[in-house]
Amino acid sequence: MRLVFLVASVCIAAVPALAQAPSADDIINGLKPSAKQLTGPTRGIRPVTVVGPDGKTVTTRAPAAAQSGPAEEPSVKLVVDFQTGSAVLSPGATKTLDSLGRALTSKQLASFRFRVEGHTDTVGAPDTNKSLSERRAEAVAEYLEHHFNISPSRLEPVGYGSDKLLVPTPDQTPEPRNRRVRIVNIGT
């Protein structure tokens, strides 16, 4: 069996297939946006203190949005098992997706939309990998829709194939961490 990972922006070690599924609360904590993400950047002008080349501090005015980079999208990593070359969910995968489904239907996440990103390793032809990654992302979305009554409008399955590797590898390299599905909170 190949393992497919839902990848987080927080680095967590890969979990063996027999590991316990994360709780819905763990998933909620990984997917809920921060207060900064909920409010977004302000449009005001704020003072910025800068040290000049002469060592003197100078206070200037800069737009607040320019002071911080874009907020990173909340995401979570889970283990979802598929058979090699298949988009059929294993019994272990459904247990993990049950936790995800409970999290996505919680009051904390019920108003948000999520991108389901499918990825593969570099083994096989790029077109085949792209198709497989799309089918796996769709399998996850369909499971959540059918078992948790999550509206398809809240889930956006996308297949990236081997285009966005988590672990850079040469062609034809079987790397389980690259065979993954990532769930990303994309807002309301």
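The values are calculated or read from the model by the stated rules, or taken from the named source; none is laboratory data. These numbers were taken from a predicted model, which means no experiment stands behind them. Heads up, the Cβs are rebuilt from the backbone with ideal geometry, glycines too, and the neighbour counts pull from every protein chain shown.
Consider LEU78 carefully, then state whether it is under 15 Å from GLU145 (Cα atoms) and at pLDDT 70 or above. So LEU78 does not fit the description; no. Just one of the listed residues (SER153, SER99, SER86) is more than 14 Å from the chain's Cα centre (by Cα), part of a loop (DSSP other than H, G, I, E, B) and polar (S, T, N, Q), and it is SER86. Please determine whether any residue of the stretch 169-186 is buried (at least 16 other Cβ atoms within 10 Å of the Cβ), over 18 Å from the mean Cα position of the chain (by Cα), in the same structural domain as ILE27 (by TED's automatic domain parsing) and without any contact (Cβ under 8 Å) to a residue 60 or more places away in the chain. Yes, there is a match, as at least one residue in the stretch 169-186 is buried (at least 16 other Cβ atoms within 10 Å of the Cβ), over 18 Å from the mean Cα position of the chain (by Cα), in the same structural domain as ILE27 (by TED's automatic domain parsing) and without any contact (Cβ under 8 Å) to a residue 60 or more places away in the chain. The criterion of being assigned by TED's automatic domain parsing to the domain that holds ILE27, free of Cβ contacts under 8 Å to residues at least 24 places away in the same chain and farther than 14 Å from LEU89 by Cα holds for SER151. The C-beta contact set for the stretch 86-114 (first residue assigned by TED's automatic domain parsing to the domain that holds GLU156 and touching a residue at least 12 places away in the same chain (Cβ under 8 Å), second residue among the aromatic types (Phe, Trp, Tyr) and part of a loop (DSSP other than H, G, I, E, B), distance under 9 angstrom, 6+ apart or interchain) comprises LEU104/PHE112. Based on this model, can you work out whether ASN185 counts as within 17 Å of GLU73 (Cβ to Cβ) and polar (S, T, N, Q)? Yes: the conditions hold for ASN185. Filtering the stretch 130-159 to residues that are crowded, with 19+ Cβ neighbours inside 10 Å and of a type in the set (Ser, Thr, Tyr) leaves SER133, TYR143.
Among the residues making up the stretch 106-128, those that are β-branched (Val, Ile, Thr) and either within 15 Å of VAL140 (Cβ to Cβ) or buried (at least 16 other Cβ atoms within 10 Å of the Cβ) (or both) are VAL116, THR120, THR122, VAL123. Applying the condition of being polar (S, T, N, Q), under 26 Å from PRO174 (Cβ atoms) and in a loop (DSSP other than H, G, I, E, B) to the stretch 104-129 and asking which residue is modelled with the lowest pLDDT yields THR120.
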